[in-house]
Amino acid sequence: MDTESTLAALSALSQSTRLEIFRLLVRYEPDGLPAGDVARHLNVPQNTISAHLATLTRAGLLTSQRDSRLIVYRACLPRLRDLLLFLVRDCCAGSPELCAPLVATLSSCCPSPEARS
């Protein structure tokens, strides 16, 4: 990820409704949600949701797929990973113990498949 794409992603997330949309769709991975369900969950008008979904999609944070008459949106987790890695790439300055608390916190929210079984 480069500076321009990072700025586009951060800009898209810097608005409260878009941040709520992204966080909602992360919770609904891997199935995603149709646009209408996103609007209902957040109590936001459909036309407003459409504009926000378009902004997040242009920033690469969401993907969409047509399913019959519905468009299902999903959080793009690889893009989120790339964004987070770009932000913390140089955090350790050669001292990995400085980043250990961050890594532990991120790891605890997404246990490995082996840890879940």
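The table below gives the values:
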read-out: Any hit, region 75-87, residues being out of contact with any Lys or Arg (no Cβ under 8 Å at 6 or more places or on another chain) and more than 23 Å from Asp2 (Cα to Cα); value: no
read-out: Of the criteria (1) out of contact with any strand residue (DSSP E or B) (no Cβ under 7 Å at 6 or more places or on another chain); (2) loosely packed, with under 15 Cβ neighbours inside 10 Å; (3) within 29 Å of Arg89 (Cβ to Cβ), which one Glu29 fails; value: (1)
read-out: Selection from region 9-26 of residues that are of a type in the set (A, V, I, L, M) and buried (at least 17 other Cβ atoms within 10 Å of the Cβ); value: Ala9, Ala12, Leu13, Ile21, Leu25
read-out: Residue check for Thr57: surrounded by 13 or more Cβ atoms within 10 Å (Cβ to Cβ), among the β-branched types (Val, Ile, Thr) and touching a Ser or Thr at 6+ places or on another chain (Cβ under 9 Å); value: yes
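No value in this document is a laboratory result; all are computed from the given coordinates. Source: prediction; values computed, not measured. Positions of Cβ are backbone-derived with ideal geometry, glycine not excepted, and every protein chain shown enters the neighbour counts.
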